[in-house]
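The values are calculated or read from the model by the stated rules, or taken from the named source; none is laboratory data. A quick note: this is a predicted structure, and the numbers were derived from the prediction, not measured. For neighbour counting, all protein chains shown are included, and Cβ atoms are generated from backbone atoms with ideal geometry for every residue, glycine included.
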Protein chains: 2
Amino acid sequence: MKKNCIVAQSGGPTVAINASLAGVIDGVIKSEKFDKIYGSVHGIQGVLKNNFLDLTDSSELFIKELTYSPAMYLGSCRFKLPDMETGIDTYEAIFKTFADMNVGAFFYIGGNDSMDTVDKLSQYAKNKGIDILIAGVPKTIDNDLVVTDHTPGFGSAAKYIATSMREMAYDTYIYDIESVLIVEIMGRDAGWLTAASALARTEFSEAPHLIYLPETNFDEQKFIADIKELLPVKKNVIVAVSEGIHDAKGNYISATSAVADKFGHAQLSGTGKYLENLVSREIGVKVRSVEINVLQRSAAHMASKTDLEEAFLLGKMAVKFVEEGNSEFMTILTRTSNSPYQYEISHSPVTHIANKAKSVPREWINEAGNDVTEEMLTYLTPLVEGEIQLNYSNGLPSYPDISHLIP
Amino acid sequence: MKKNCIVAQSGGPTVAINASLAGVIDGVIKSEKFDKIYGSVHGIQGVLKNNFLDLTDSSELFIKELTYSPAMYLGSCRFKLPDMETGIDTYEAIFKTFADMNVGAFFYIGGNDSMDTVDKLSQYAKNKGIDILIAGVPKTIDNDLVVTDHTPGFGSAAKYIATSMREMAYDTYIYDIESVLIVEIMGRDAGWLTAASALARTEFSEAPHLIYLPETNFDEQKFIADIKELLPVKKNVIVAVSEGIHDAKGNYISATSAVADKFGHAQLSGTGKYLENLVSREIGVKVRSVEINVLQRSAAHMASKTDLEEAFLLGKMAVKFVEEGNSEFMTILTRTSNSPYQYEISHSPVTHIANKAKSVPREWINEAGNDVTEEMLTYLTPLVEGEIQLNYSNGLPSYPDISHLIP
């Protein structure tokens, strides 16, 4: 009797995480080894609550529609598995459901917190000698997973950020008066997304003129000096800042106090607004701050074709690797060439990936700490390549029916 | 000897104002009556500063590229013409330049403040018996010009707002916990753009669940009650608010104090953030606010094809109406049918349009003041129809070279 599979999504949304889901579904449907593919709704919590969708009969049309859709079709959770010593009940409940459903493989699509879940479930299965293979599929707009060259969701967010930055630059250049525009971009600890704003530059526009990442210490007086130096020359100074920039003592530069979430990460907002007030006070020039906010992770209409193709393959290949008997892994992407852009997909032990974070290398940031280098642009450029064709209805993109997530 | 034309753009940018410019250029190039078409850089100030671009040799390719581009190719200004009694020097300087350049017609693309300039220049020319025809071409994302059915730029901003609202709704529905999302949308005195967020609704998603426009008084306790009523039923409550909502006394609901600009309009920001804090304090549920900010007026990648086509025609027809000897007018659009959507372009005296504003009719807002009616959706739907094909280079939209605006 063939075994079944369960797939789930976890963590923050990206516009590529449904493409990975589509890849897993497609892989299982076409698998000789597996029978059914169930989607667990709201991540691992769907397993605990017996909340599943049977995705086995997904049509090719649905799989395609799913590939080009925002957020998470199966919903998400922010649930950190307890340690095995203190929370053994949770593990027993999960694996009892797996057994009841004749599950042979579990696929978890997520970021480094989700890979912690993959790691823990893998350890439990191994310790108990349970024959269920556990696989991770990467996603995160933050691009901060180690081992893999980059993560699905990042390229699309980068494309949206760079496009929006370019469009906002056009918006800014129109007035014949000095002004400062500060654009706050997501990225708590890693500056990859903020760095991607540099792709907005053209032969005639240097915007963003200044880029500040959390990988270097942020000095308010240096920031003011940078702007004062550029204003008379450039007239309009456009700045990209990560939400997670901090001073030399590690204190976040933010208008609002930081509150920790369940994983101990500070929840930030207001960095741009804080700097807007600072510029207004210290320089007295026209200044505006824009926080791109959740738009950068949900704008499926501006997805990178390269990103979605990779996300799909990372999901589909996870099924192949599991069919070959592998477990405790995350699928990864290794770049083999920049020009032409080429990559290989393989897998790597999840225990080396979970709970770790990849920062921007210091040498990809200029010495002054207010720009990125050419190497960064070489790295970024292929990831935003390619445009997708969405279906539009009444002038708006039509996305899959997610009524199972809506009361 | 044939006369020449000058065209300029003024006020806040939209993604359709370059389409109107393209229409004027195309009209003059193909005109039997006029010779050259000059672009005045930075609105009417370009005339005062002798800052012109000769656009007469624009290629068809350039005119097409211009049609699909963000912001204002000729730059803008926020310059209010003085009254004729006190500022006669300004008028004399403008008309001296017009005479020096053998100008027969002046085209000004802008909103209600810009139409004030068209009106004043028209009056001056008439009073002095000067044979220069003055024409206005409408634009404003706010859709608040009177007489015309709607304004170029509005449909594209509406399409972007509704698309982003739909994508943010997908982003919000993924968690199995109660939450509130508040989206702040531009619109100081008119709620048209905020109303357009209602286009995001689908058969399975009612987001935005609540819509508050500045045409009704905003009551904070009623707002909290609205959310408290919906939360247990809908789980995720998504709210669209105009930046310009105000209480019964006319005080803006805003976290920051209002500062008046040169035209006496209050410059607002922080309405969403203020309501976020209010919900957090009064209900204690997970809440986030998003200010779409300048993205909604600069996102040329999500322009409405209908909007750009109309914008182009309103520019092109302005040339035709001037050729017929008309002056002191703004081109207008009259809707003749909703289904199929049909309209006619004509012109109307600018003196009836300048400095006036069109609000959302009270009967297009529901009685509770927290939603729009079916009539509003019927009005809005055709305006966001149709997608454009942009040229992409290295994964990003390529827009015209605006190095003449950049030092």
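Kindly indicate whether any position in segment B:365-377 is away from chain A (no Cβ under 14 Å), touching a Lys or Arg at 6+ places or on another chain (Cβ under 9 Å) and not hydrophobic (A, V, I, L, M, F, W, C).
Looking through segment B:365-377, at least one residue is away from chain A (no Cβ under 14 Å), touching a Lys or Arg at 6+ places or on another chain (Cβ under 9 Å) and not hydrophobic (A, V, I, L, M, F, W, C).
Somewhere in segment B:184-195, is a residue assigned to a helix (DSSP H, G or I), of a type in the set (A, V, I, L, M) and more than 25 Å from B:LYS305 (Cβ to Cβ)?
Checking segment B:184-195: not a single residue is assigned to a helix (DSSP H, G or I), of a type in the set (A, V, I, L, M) and more than 25 Å from B:LYS305 (Cβ to Cβ).
For segment B:380-398, enumerate the residues that are buried (at least 16 other Cβ atoms within 10 Å of the Cβ) and free of Cβ contacts under 8 Å to residues at least 60 places away in the same chain.
Of everything in segment B:380-398, those that are buried (at least 16 other Cβ atoms within 10 Å of the Cβ) and free of Cβ contacts under 8 Å to residues at least 60 places away in the same chain turn out to be B:TYR392, B:GLY395, B:LEU396.
Keeping to segment A:148-184, report how many residues are within 11 Å of another protein chain (Cβ to nearest Cβ) and either among the β-branched types (Val, Ile, Thr) or within 18 Å of the chain's Cα centre (by Cα) (or both).
Qualifying residue count, segment A:148-184: 14.
What's the number of the condition B:ALA125 fails, among (1) assigned to a helix (DSSP H, G or I); (2) small (Gly, Ala, Ser); (3) within 26 Å of the chain's Cα centre (by Cα)?
Only one criterion is unmet by B:ALA125, namely (3).
Can you name the condition, by its number, that B:LEU230 falls short on among (1) more than 10 Å from chain A (Cβ to nearest Cβ); (2) in contact with a Leu (Cβ under 9 Å, 6 or more places away or on another chain); (3) assigned to a helix (DSSP H, G or I); (4) under 22 Å from B:ARG362 (Cα atoms)?
Of everything listed in (1) more than 10 Å from chain A (Cβ to nearest Cβ); (2) in contact with a Leu (Cβ under 9 Å, 6 or more places away or on another chain); (3) assigned to a helix (DSSP H, G or I); (4) under 22 Å from B:ARG362 (Cα atoms), B:LEU230 misses just condition (4).
Restricting attention to segment B:54-77, and to residues there that are away from chain A (no Cβ under 14 Å) and touching a strand residue (DSSP E or B) at 6+ places or on another chain (Cβ under 9 Å), which single residue is surrounded by the fewest Cβ atoms within 10 Å (Cβ to Cβ)?
Looking at residues that are away from chain A (no Cβ under 14 Å) and touching a strand residue (DSSP E or B) at 6+ places or on another chain (Cβ under 9 Å), I get B:ASP54.
Yes/no matrix, rows are residues, columns are (1) at pLDDT 90 or above; (2) under 18 Å from B:ASP142 (Cβ atoms):
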residue: B:GLY244; (1), (2): yes, yes
residue: B:SER257; (1), (2): no, no
residue: B:PHE263; (1), (2): no, yes
residue: B:LYS273; (1), (2): no, no
residue: B:VAL279; (1), (2): yes, no
residue: B:ILE283; (1), (2): yes, no
residue: B:LYS286; (1), (2): yes, no
residue: B:VAL294; (1), (2): yes, yes
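So which residues in segment B:362-390 are hydrophobic (A, V, I, L, M, F, W, C) and not in a loop (DSSP other than H, G, I, E, B), if there are any at all? Break it down stepwise before answering.
First pass over segment B:362-390, keeping only residues hydrophobic (A, V, I, L, M, F, W, C): B:364-365, B:368, B:372, B:376-377, B:380, B:383-384, B:388, B:390.
Of everything in segment B:362-390, those that are hydrophobic (A, V, I, L, M, F, W, C) and not in a loop (DSSP other than H, G, I, E, B) turn out to be B:TRP364, B:ILE365, B:VAL372, B:MET376, B:LEU377, B:LEU380, B:LEU383, B:VAL384.
Could you go through segment B:210-225 and let me know if any residue there is at positive phi and in a loop (DSSP other than H, G, I, E, B).
Within segment B:210-225 (the criterion being at positive phi and in a loop (DSSP other than H, G, I, E, B)), the answer is no, since none of the residues qualifies.
Does segment A:343-361 include one or more residues that are over 30 Å from A:LYS126 (Cα atoms), touching a residue at least 24 places away in the same chain (Cβ under 8 Å), among the aromatic types (Phe, Trp, Tyr) and in a strand (DSSP E or B)?
Yes - at least one qualifying residue is present in segment A:343-361.
Identify, please: which residue in segment B:391-403 is of a type outside the set (A, V, I, L, M, F, W, C) and in a loop (DSSP other than H, G, I, E, B) and is, among those, nearest to the other protein chains (Cβ to nearest Cβ)?
So the residue we want is B:GLY395.
Could you tell me whether any residue of segment A:141-153 is surrounded by fewer than 22 Cβ atoms within 10 Å (Cβ to Cβ), at pLDDT 95 or above and assigned to a strand (DSSP E or B)?
No: zero hits.
Of all residues in segment A:14-27, which are touching a Lys or Arg at 6+ places or on another chain (Cβ under 8 Å) and either at pLDDT below 95 or more than 13 Å from every other protein chain (Cβ to nearest Cβ) (or both)?
Hits for segment A:14-27 are A:ALA16, A:SER20, A:ALA22, A:GLY23, A:VAL24, A:ASP26, A:GLY27.
Looking only at helices (runs of 4 or more DSSP H) that fall completely inside segment A:4-122, which ones have 2 or more residues that are among the hydroxyl-bearing types (Ser, Thr, Tyr) and either within 22 Å of B:ILE177 (Cα to Cα) or in contact (Cβ under 8 Å) with a residue 40 or more places away in the chain (or both)?
Result: A:88-100.
In segment A:206-213, is there at least one residue being within 30 Å of B:LEU74 (Cβ to Cβ), at the interface with chain B (Cβ under 10 Å from one of its Cβ atoms), in contact (Cβ under 8 Å) with a residue 60 or more places away in the chain and surrounded by 24 or more Cβ atoms within 10 Å (Cβ to Cβ)? Show your work before the answer.
Our first condition is that a residue be within 30 Å of B:LEU74 (Cβ to Cβ); within segment A:206-213, this holds for A:206-211.
Still in the list and also at the interface with chain B (Cβ under 10 Å from one of its Cβ atoms): A:206-207.
Those still in the list that are in contact (Cβ under 8 Å) with a residue 60 or more places away in the chain too: none.
No, segment A:206-213 has no match at all.
Is it fair to say A:ASP189 is more than 20 Å from A:ASN4 (Cα to Cα), surrounded by fewer than 24 Cβ atoms within 10 Å (Cβ to Cβ) and away from every other protein chain (no Cβ under 14 Å)?
So A:ASP189 passes the test.
From the list B:LEU199, B:LEU181, which residue is in a strand (DSSP E or B), in contact (Cβ under 8 Å) with a residue 24 or more places away in the chain and not hydroxyl-bearing (Ser, Thr, Tyr)?
When all the criteria are applied, what remains is B:LEU181.
So A:ASN293 fits all but one of (1) assigned to a loop (DSSP other than H, G, I, E, B); (2) more than 30 Å from A:THR271 (Cα to Cα); (3) within 14 Å of chain B (Cβ to nearest Cβ); what number is the exception?
Just one mismatch for A:ASN293, condition (2).
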